[in-house]
Amino acid sequence: MKKAESLYSDLIACISNISEESEALETYWNTLDEEKQNLFDSLTENISLEKIKLQTCKRNCTIYNNYDSLKEQFLQFNNDFSAFPGFSYSKVIFIIMISERIIENITEIQDEDIGISFQFAEVQLGFDSHAYASNLGDASKNLIWFNPVDETSLNELICFESDIECWYSILSSSCDIDFNTIQELLFCDESVLVAGSANKNVIELLKIHMASSGEQTVPVIDYLPTPSNSSIELYSPSLSYAQFEDVVGILGEYNNRKDVLTKYLSIFHIIENFMFKAPIVSLERTSTNTMFSIRDFKRLYKSVEINENKAIRDLFERSFLLPFDGNTFNKFAYDEWKAFIARNSSNVAEIEEFLEKLSLFKSYNSLTLLNISTFLSSVVYKVRCSIVHNKETEFHISSEKYPIGCKIILEDFLLKILEEMVFLLLSAENDLVWYKSNSITLWDESA
């Protein structure tokens, strides 16, 4: 297709549809009252004058420069006569916006064919971004994605830089696009389409291009509730909170983050800090007022070289014995779990399916007040591994792979429990994560 043809032919056809005598036009016109008939005649007469200019530009390969006025006239026509047979305001706007994008970057229209041949495939990507166009030196390698009936998408699209041949090629497809349906289209070289569909390689390449441009290609899963802290009355300015500077910093990061999975990793970092600190605290407390020997250093190193799964289990078992709201944290967690299952009774199957993927279904089936801490420590650790590891042989959790069972457990139960546990451990001195002293004794100065 010639470049002038891609710029003007379809726009001329859109004008002809609403202005040239036809049976459809006459039938529609007769349904209007006299005032509307006069308005219709006036609008189409003015738009027809622009058609003559467009035809001249097409014939002479010159640039049409009255798109703004034409757009206003079509907007008025759409406001009053959108039901006209075969009229598509979305199509007109698409043609005008892409045409304007082209003429902004040329000084003349070359009397030649478009240099590349793009075709499109319908896709359903659902990105937070509304459009994207790559800008490679080899124009045929470019990928362009947008929604042609969404003005927001078109406005984003025309802000991208790409080879002028790409814009011509997109415009030449206007007669093939169905403007009556909302659809995302991916334009690329026709040779990489399979039976009119974009193969997975092309879609993943689009994501790579977008990622390298800072565009979002995965959904943001917001988790915005204020952290749950029922231990607030236990805090006192007389206590030594300075030892928790790192943990307090992570709590700040936790609040800064909005995405549920990154928030989960932040609070897990606190749990991780506590589970490695706990055996050191135990050693430090047993060594108070005595010299710290080489044997003690060996015990210190040994205490942190422990299995992560065991470390988190030990932390939970001891933490769940702490007093909480007139009972123990263990009782609180167990009651919260039962209430969680009760209010999500319609999604129990999804919850069980998720636990099965974590290999925790048997533990869930035999859950009691006595083993709730062990069960939850396993859930916390395995969810963390499923987010971080991304092994081929391991169930993986991500923004794109976020099953309903996982969503319900994290957002309606687990994060709240972890928040309460962290704030409880921080609230007042205990023998789990609180050092008694800010130093160790290496020799006796009075000896």
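Numbers below:
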{"quantity": "Entries in 3/36; 362/407; 298/382; 2/91; 277/338 that, when Cα-Cα distance is taken, lie over 26 Å", "calculated": "3/36; 298/382; 277/338"}
{"quantity": "FRET efficiency estimate (nearest 0.05) - Cβ-Cβ, residue 307 to residue 238, R0 51 angstrom", "calculated": "0.85"}
{"quantity": "Where a label projected 7 Å from the Cα of residue 222 along Cα→Cβ would reach, residues of region 254-271 with amide N under 16 Å", "calculated": "255-263"}
{"quantity": "Share of Cα-Cα pairs in the chain lying beyond 38 Å, as whole percent", "calculated": "50 percent"}
{"quantity": "Degrees separating the helix 308-319 axis from the principal Cα axis of the chain, which is the longest one", "calculated": "70 degrees"}
{"quantity": "Extension gain from residue 200 to residue 107, taking 0.36 nm per residue of separation minus the Cα-Cα distance", "calculated": "29.6 nm"}
{"quantity": "Alpha-carbon centroids, region 201-276 and region 75-94: separation in whole Å", "calculated": "48 Å"}
{"quantity": "Inter-probe distance in nm under a simple model that places probes 7 Å from Cα toward Cβ, at residue 346 and residue 401", "calculated": "2.9 nm"}
{"quantity": "Spin-label pair residue 48/residue 438, simplified geometry with 7 Å Cα→Cβ offset, distance in nm", "calculated": "9.0 nm"}
{"quantity": "Rounded tilt (10° steps) of 89-103 against the dominant C-alpha axis of the chain", "calculated": "90 degrees"}
{"quantity": "Nearest-ten-degree value, helix 329-343 long axis tilted from longest Cα axis of the chain", "calculated": "30 degrees"}
{"quantity": "Sequence ranges 421-428, 363-370, ranked by mean other-Cβ count within 10 angstrom, highest first", "calculated": "421-428, 363-370"}
{"quantity": "Label point distance in nm, residue 394-residue 327, each placed 7 Å from Cα along Cα→Cβ", "calculated": "3.4 nm"}
{"quantity": "Shape of region 62-137, Cα gyration tensor, a/c cut at 1.5", "calculated": "oblate"}
{"quantity": "Isotropic mean projected area of the C-alpha convex hull, region 114-217 (nm²)", "calculated": "6.1 nm²"}
{"quantity": "Region 4-69 versus region 322-397: alpha-carbon centroid distance in Å", "calculated": "66 Å"}
{"quantity": "Rounded FRET efficiency, nearest 0.05, which uses the C-beta distance separating residue 212 from residue 192 and R0 of 25 Å", "calculated": "0.85"}
{"quantity": "Estimated 222 nm signal from helices in the chain, with DSSP H stretches of n ≥ 4 weighted -39500 (n - 2.57), rounded to 500", "calculated": "-17000 deg cm²/dmol"}
{"quantity": "Debye log10 I(q)/I(0) for region 147-200, one point scatterer per Cα, at q = 0.19, 0.20, 0.30 Å⁻¹", "calculated": "-0.79, -0.87, -1.37"}
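No lab work stands behind these numbers, since they all come straight from the coordinates. Owing to the predicted nature of the structure, the values given are computational and were not obtained by experimental measurement. Positions of Cβ are generated from backbone atoms using ideal geometry, with glycine treated the same way; all protein chains shown enter the neighbour counts.
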